[in-house]
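Novice: Sharing a structure, written as structure tokens. Questions coming.
The values are calculated or read from the model by the stated rules, or taken from the named source; none is laboratory data. Quick caveat, the model's predicted, so the values are computed rather than measured. No Cβ is skipped: glycine too gets one built from the backbone with ideal geometry, and neighbour counts run over all protein chains shown.
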Amino acid sequence: MSQSLNPLRVVLVGCGGMAGCWLDAARQAGGVEWVGFVDLREEAARRRAAESGARNPVVGTKLETVLRATRPDAVFDCTVPEAHYEVTLTALAHGCHVLGEKPMADSMERARAMVAAAQKAGRIYAVIQNRRYGAPIRRIRRLIEAGGLGQLTTVHCDFFLGPHFGGFREQMRHVLLVDMAIHLFDMARYLTGSDATRVWCKSWNPAGSWYAHGASAVAVFEMRNGLVFTFRGSWCARGLSTGWNGEWRFLGAEGSAWWDGGDTFRAERLIEQVHGGDKMGPLTWEARADDKDGGHTGLIREFVECVRNGQVPETICSDNIKSLAMVFGAVESAETGRPVEIKPE
């Protein structure tokens with residue numbers, strides 16, 4: 001973004017734990033001027049306002065009041081999932097662009113209404129899917145796009161961690177699917193360039209879980225072009241943890257790749273078909289960085305540039321709803337015991 005442009009005037013809604021990450025990322029991204037802070041607990045809003053270093057921001061407990069007082073360009077929504085619908089529609093009604101936390105909404109009906117409201121208002125509404133903005137995942141996407149593995153046929157993702165969050169997450173229904181798997185499902189869409197059409201899922205709460213519901217799950221997704229994506233995960237796994245990006249295996253018609261979710265990547269490609277087997281050789285990924293990487297920072301930077309230039313962010317709501325549909329399709333399948341067709345629209 002050109003340094004000559006004025007910064008985006010932003011109100012932050014939801015000043016709990018995640019807000020600190022957003023403040024740090026926005027500071028690194030640049031182009032953001034904090035003009036207001038909103039939280040149901042005024043002391044939390046005042047604390048984040050002080051941390052931001054903003055000059056005389058408006059602080060309050062009611063979003064509409066703060067919007068009238070500040071007339072910002074955009075609203076950053078760090079509230080809990082149930083509040084995203086009201087926050088987004090209120091912000092759009094006041095002419096604001098919106099960047100919101102994942103998951104986009106707590107139901108598909110609300111998500112569809114949010115997409116329609118953004119399109120009617122002619123404003124950008126994008127969702128934080130920060131994990132697709134990491135440098136390694138973007139390199140792997142380029143390798144797959146270049147045909148390094150041949151036609152991609154199957155993708156597997158394992159996710160095993162045991163975090164103790166406390167608070168609302170430990171009481172959520174289908175906590176793994178709704179609060180965390182949205183990241184892995186969105187990553188699968190990004191990596192494969194394909195959308196899900198059907199899912200079968202089993203969700204359960206194993207012995208020893210400190211969550212109220214659904215801390216473990218397995219899911220099998222049918223994707224477009226005949227691709228199959230599988231997910232296995234637990235949020236109450238003690239020991240032998242994966243990273244937060246999970247561990248991935250990619251199977252193509254001409255090779256396979258494995259990624260640990262961090263900086264470790266291995267791939268082999270078919271060199272020659274020989275009697276009794278295949279001769280395989282190593283395949284390396286590109287070392288160059290992507291101009292969009294940087295997690296939250298890269299995503300916020302892109303959002304600011306898109307607002308200024310009239311472009312469309314990668315995680316625009318009309319695309320991100322396809323990742324959310326995978327979540328709620330998996331939830332429905334887990335609750336009914338049947339495969340479910342995935343219909344974002």
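Novice: Please specify each residue of the range 162-192 satisfying the condition of being of a type in the set (D, E, K, R) and either in a loop (DSSP other than H, G, I, E, B) or within 23 Å of residue 260 (Cα to Cα) (or both).
Specialist: Within the range 162-192, 173, 179, 186, 189 qualify.
Novice: With the requirement that a residue be aromatic (Phe, Trp, Tyr) and not in a strand (DSSP E or B), what does the range 222-275 give you?
Specialist: 235, 244
Novice: Can you find a residue that is in contact with a strand residue (DSSP E or B) (Cβ under 6 Å, 6 or more places away or on another chain), crowded, with 21+ Cβ neighbours inside 10 Å and within 28 Å of residue 203 (Cα to Cα) anywhere in the range 128-145?
Specialist: The answer is no; no qualifying residue exists.
Novice: If a residue has to be under 30 Å from residue 166 (Cβ atoms) and β-branched (Val, Ile, Thr) to count, how many in the range 200-220 make the cut?
Specialist: Qualifying residue count, the range 200-220: 1.
Novice: Here is a follow-up. Which pairs have Cβ atoms under 8 Å, sit 6 or more apart or on different chains, and link a residue in the range 257-274 that is surrounded by 13 or more Cβ atoms within 10 Å (Cβ to Cβ) to one that is of a type in the set (Ser, Thr, Tyr)?
Specialist: 260/242; 261/242; 267/256; 267/284; 268/256
Novice: Restricting attention to the range 193-221, which residues are assigned to a strand (DSSP E or B) and aliphatic (A, V, I, L, M)?
Specialist: Listed by number, the residues that qualify are 196, 199, 217, 218, 219, 220.
Novice: In the range 159-183, which residues are in contact with a Gly (Cβ under 7 Å, 6 or more places away or on another chain), touching a residue at least 60 places away in the same chain (Cβ under 8 Å) and closer than 22 Å to residue 249 by Cβ?
Specialist: Within the range 159-183, 159, 160, 177, 181 qualify.
Novice: Given the conditions (1) among the small types (Gly, Ala, Ser); (2) touching a residue at least 40 places away in the same chain (Cβ under 8 Å); (3) more than 28 Å from residue 174 (Cβ to Cβ), report the number of the one that residue 295 does not fulfil.
Specialist: The single condition residue 295 does not satisfy is (3).
Novice: When you look at residue 9, is it of a type in the set (Lys, Arg), touching a Pro at 6+ places or on another chain (Cβ under 7 Å), surrounded by 16 or more Cβ atoms within 10 Å (Cβ to Cβ) and modelled with pLDDT of 95 or more, yes or no?
Specialist: Here the answer is yes, as residue 9 does meet what is asked.
Novice: Also, quick follow-up: Could you please find all residues in the range 70-123 being of a type in the set (Gly, Ala, Ser) and in contact with a helix residue (DSSP H, G or I) (Cβ under 9 Å, 6 or more places away or on another chain)?
Specialist: Selection gives 74, 91, 93, 95, 100, 105, 107, 111, 113, 117, 118, 121.
Novice: On the given criteria, is residue 225 surrounded by fewer than 22 Cβ atoms within 10 Å (Cβ to Cβ), over 30 Å from residue 280 (Cβ atoms) and either more than 18 Å from the chain's Cα centre (by Cα) or modelled with pLDDT under 95 (or both)?
Specialist: The answer is no for residue 225.
Novice: Can you tell me which residue in the range 182-227 is nearest to residue 170 (Cα to Cα), limited to those that are among the charged types (D, E, K, R) and touching a strand residue (DSSP E or B) at 6+ places or on another chain (Cβ under 7 Å)?
Specialist: Of everything passing the filter in the range 182-227, 202 is nearest to residue 170 (Cα to Cα).
Novice: Right, here's the next one. Of all residues in the range 40-70, which are under 23 Å from residue 304 (Cβ atoms) and either in a loop (DSSP other than H, G, I, E, B) or charged (D, E, K, R) (or both)?
Specialist: Residues satisfying the conditions are 48, 51, 53, 54, 55, 56, 57.
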